[in-house]
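Trainee: Have a look at this one.
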Amino acid sequence: MAGSETVIEVRRLSALAEFSEALRLQQCVWGFADSDLVPVALFVVASKTGGQVFGAYQAEQMVGFCLALAGMKPEGQPFLHSHMLGVLPAYRDLGIGRRLKLEQRADALARGIELVEWTFDPLEIKNAFFNIERLGAIVRRYSENEYGSTSSPLHGGLPTDRCVAEWWIATARVAAMVGGKPPERQVEERIAVPVQIERWCRDEPIRALEIQRANRGRFQRSFARGLAVTGFERTSAQGVYLLGPSP
């Protein structure tokens, strides 16, 4: 059983056996069917073409991993697309996900890369808080049904709508957020997600779909106005996206 005293080592992955273990973790974390698994071959390609593959270990047991692919914007700016980050259920809430993201950041900065992007489900309150408040990512784009239907029970059969997190890792803002010192924010719009959403996705999918559709429209209208998600608040009843001028 993992506990607060658990010693975790984060290291770069390069061997086929390590990539195969990351494949197994996908099944444990998301419950994917084989058809939805990211194959070992993609981990190999990422590791050899400027991407990133890191693993988190307790002794010799892999308990988490992250995978990023190298990309380039139309204007020629290099960036990393962080496609997957997963931690075994027994090892969550120990800061392992944050350790993996900070390793991503350090490696990218050392290579002169200033932007890391990834997508996340806007209905997942805990993940949103982590991305926005703990890492300092901003959101200016919303993608409808990004990955189509998946076999993961975590997605509840809903359309895979995603927010696109932009992590501008070289900025003073991100350095402050990572250091636990969020800057002042001008809030012009709030978009709330009830804490019951996880249960509704599992037990009342029609109700969850109504929330998803309503918030989809709110995000799209706000982004069309030039607003960005720059903060996230949590209460016992809801998680709230805070939108204001783009930093």
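The values are calculated or read from the model by the stated rules, or taken from the named source; none is laboratory data. In this text, all values refer to a predicted model and were calculated from it rather than measured experimentally. Cβ sites come from the backbone with ideal geometry, for glycine too, and all protein chains shown count toward neighbours.
Trainee: For the stretch 208-247, what are the residues that are among the acidic types (D, E) and over 21 Å from the mean Cα position of the chain (by Cα)? Lay out the reasoning, then the answer.
Mentor: Going residue by residue through the stretch 208-247, those that are among the acidic types (D, E) are 210, 233.
E210 - this is the single residue of the stretch 208-247 that is among the acidic types (D, E) and over 21 Å from the mean Cα position of the chain (by Cα).
Trainee: Against the condition part of a helix (DSSP H, G or I) and on the phi < 0 side of the Ramachandran plot, how does R11 come out, does it pass?
Mentor: Numbers: part of a helix (DSSP H, G or I): no; on the phi < 0 side of the Ramachandran plot: yes.
So R11 does not fit the description; no.
Trainee: From the list A33, A15, which residue is out of contact with any helix residue (DSSP H, G or I) (no Cβ under 8 Å at 6 or more places or on another chain) and closer than 21 Å to D107 by Cα? Spell out the reasoning first.
Mentor: Values: A33 fails: closer than 21 Å to D107 by Cα.
Just a single option satisfies the conditions, and that option is A15.
Trainee: Taking strands (runs of 3 or more DSSP E) that fall entirely within the stretch 162-247, which contain at least 3 residues that are within 23 Å of A106 (Cα to Cα)?
Mentor: Working: elements: 162-168, 189-194, 227-234, 238-245.
The qualifying strands (runs of 3 or more DSSP E) are 162-168.
Matching residues to (1) surrounded by fewer than 15 Cβ atoms within 10 Å (Cβ to Cβ); (2) farther than 14 Å from A128 by Cα; (3) modelled with pLDDT of 95 or more:
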residue: H155; (1), (2), (3): no, yes, no
residue: P159; (1), (2), (3): no, yes, no
residue: E166; (1), (2), (3): no, no, yes
residue: R225; (1), (2), (3): yes, yes, yes
residue: V229; (1), (2), (3): no, no, yes
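Trainee: If you take the residues in the stretch 179-206 that are at pLDDT 95 or above and among the charged types (D, E, K, R), which one is nearest to the chain's Cα centre (by Cα)?
Mentor: Step by step, filter the stretch 179-206, then rank; the result is R190.
Trainee: Which residue is surrounded by the most Cβ atoms within 10 Å (Cβ to Cβ), if the candidates are limited to the stretch 185-223 and must be small (G, A, S) and out of contact with any helix residue (DSSP H, G or I) (no Cβ under 6 Å at 6 or more places or on another chain)?
Mentor: Of the stretch 185-223, the ones small (G, A, S) are 192, 208, 214, 217, 222.
Within this subset, residues satisfying the condition of being out of contact with any helix residue (DSSP H, G or I) (no Cβ under 6 Å at 6 or more places or on another chain) are 192, 214, 217, 222.
Working: A192: 16, A214: 11, G217: 11, S222: 22.
Among them, the one singled out is S222.
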